[in-house]
Amino acid sequence: MSDSPPSDTIQISGPEDNFGRPSAYESAVSLRFWGEALVPDEITQALGVQPQIAHGKGESLSPSLMPTAPIGIWIYFANESVDRPLDDNILSLLQQLPQELDIWHCLTDQHSGIISCGLRFDQQDCGQFLSAATLEKVGERRLAIDFDLKFDPAEF
């Protein structure tokens, strides 16, 4: 097994572990939009999926944390296996959503949009790969990618 990633990928952190498996034990992805003028129902209608979290600017939230929302937000969590590679989870999320790029361009022209990726590692100096095909699909939709990396061997 080669110590370097294939030429059509980018690498997040280090290579596969000693057993040839991707080094993150858990990966999770979500699609997130936010903005001053975001109307959650418009995002839901455009993408055809129900978000798990959504609110418009000024809507009431938890009084103990924040009485009203400072911006609108729309978050859809993919129902994917946490033990699948990150690349597979991102592609699966995008396959659940419209493929028409005009829809995405309309949304990203009006609001900020990201694919948020959570990775939990059981060892140091480990990582995941993202293929060029996945990066192209994310880029075509004019989305950014956000990574939340956690290392906690005690949780495994």
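Since every read-out is calculated from the coordinates, none of them should be taken as a lab result. Treat the numbers as computed from the prediction; the structure is a model and nothing was measured. Reconstructed Cβ throughout: ideal geometry from the backbone, glycine too, with neighbour counts over all protein chains shown.
The table for this structure:
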{"read-out": "Long-range amide H partners of PHE147 with built H, under 5 Å", "value": "CYS117"}
{"read-out": "Gain upon complete extension [GLU136, ILE114; 0.36 nm per residue less C-alpha separation]", "value": "6.5 nm"}
{"read-out": "Length added when fully stretched, PHE151-GLN95, from 0.36 nm per residue minus Cα-Cα", "value": "17.3 nm"}
{"read-out": "Peptides 128-140, 107-119 ordered by average Cβ neighbours within 10 Å, highest first", "value": "107-119, 128-140"}
{"read-out": "Proximal charge balance of PHE147 [Cβ under 14 Å; K/R count +1, D/E count -1]", "value": "-1"}
